[in-house]
Amino acid sequence: MAAAEATSPPAVRDVDINADPTGALPVHRWRQAPKGLATRRQLREKRLRPGGQDPVAVIECRGGKRMAYLYEIAKAKPIRPMTFAKEVALDKAMAARQTCPKCSRRYYHCLPLRTLGSCLECYDGTPAASNSYLHGLPDAQLAAA
């Protein structure tokens, strides 16, 4: 039995996992997409969402290394409004990232809990500025509630 030829590994490419691999959609180069089409991020800037529509084209960026779907702006729907329940859920998630487990202070920024496990003041004694964390909130109270 003949030994298989050694082949070089495929080049690593940073591509959009949602891009059309079959090439069935028209591909436009960077800044050459027709008017009336936008990516998800561009729709989000206009406070719109795709709203279930299928992409109509693909835009190619960085010499073909990245691709993104294009959607019709006319068929896009407005984003759903923030409800109180969503706001509370997001606030709980952010509270987990912003609260030091040692001193129970809730900071205005996310703490390096994976690497340090606490705020800088608890980790190495670096004093925290008094305007960098919330004052007077009980542990159970959230900012959104």
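Scanning region 79-93 for residues that are open to solvent by 90 Å² or more (accessible area, probe 1.4 Å) and not aliphatic (A, V, I, L, M) yields ARG80, PRO81, PHE84, LYS86, LYS92.
In region 72-83, is there at least one residue being of a type in the set (Val, Ile, Thr), more than 30 Å from ALA24 (Cα to Cα) and without any contact (Cβ under 8 Å) to a residue 60 or more places away in the chain?
Residues of region 72-83 of a type in the set (Val, Ile, Thr): 73, 79, 83.
From what is left, the residues that are more than 30 Å from ALA24 (Cα to Cα) are 83.
Next cut, without any contact (Cβ under 8 Å) to a residue 60 or more places away in the chain only: 83.
Scanning region 72-83, I find at least one residue that is of a type in the set (Val, Ile, Thr), more than 30 Å from ALA24 (Cα to Cα) and without any contact (Cβ under 8 Å) to a residue 60 or more places away in the chain, so the answer is yes.
In the condition set (1) modelled with pLDDT under 85; (2) more than 30 Å from PRO81 (Cα to Cα); (3) open to solvent by less than 100 Å² (accessible area, probe 1.4 Å), LEU25 is compliant with all but (1).
For region 69-78, a residue qualifies if it is surrounded by 13 or more Cβ atoms within 10 Å (Cβ to Cβ) and not aliphatic (A, V, I, L, M), and the qualifying residues are TYR69, TYR71, GLU72, LYS75. The residue that is most open to solvent (accessible area, probe 1.4 Å), among those in region 47-68 that are over 17 Å from the mean Cα position of the chain (by Cα) and within 15 Å of ILE79 (Cα to Cα), is GLY52. In region 60-103, the residue that is farthest from LEU43 (Cα to Cα) out of those that are in contact with a His (Cβ under 9 Å, 6 or more places away or on another chain) and assigned to a strand (DSSP E or B) is GLU60.
The values are calculated or read from the model by the stated rules, or taken from the named source; none is laboratory data. Small disclaimer: the values here were computed from a predicted structure and weren't measured. Please note: Cβ atoms are built from the backbone with ideal geometry, for glycine as well, and neighbour counts cover all protein chains shown. Just the protein is used for accessible areas: all its heavy atoms, side chains included, with ligands, DNA and RNA removed. Shrake-Rupley method; radii C 1.70, N 1.55, O 1.52, S 1.80 Å.
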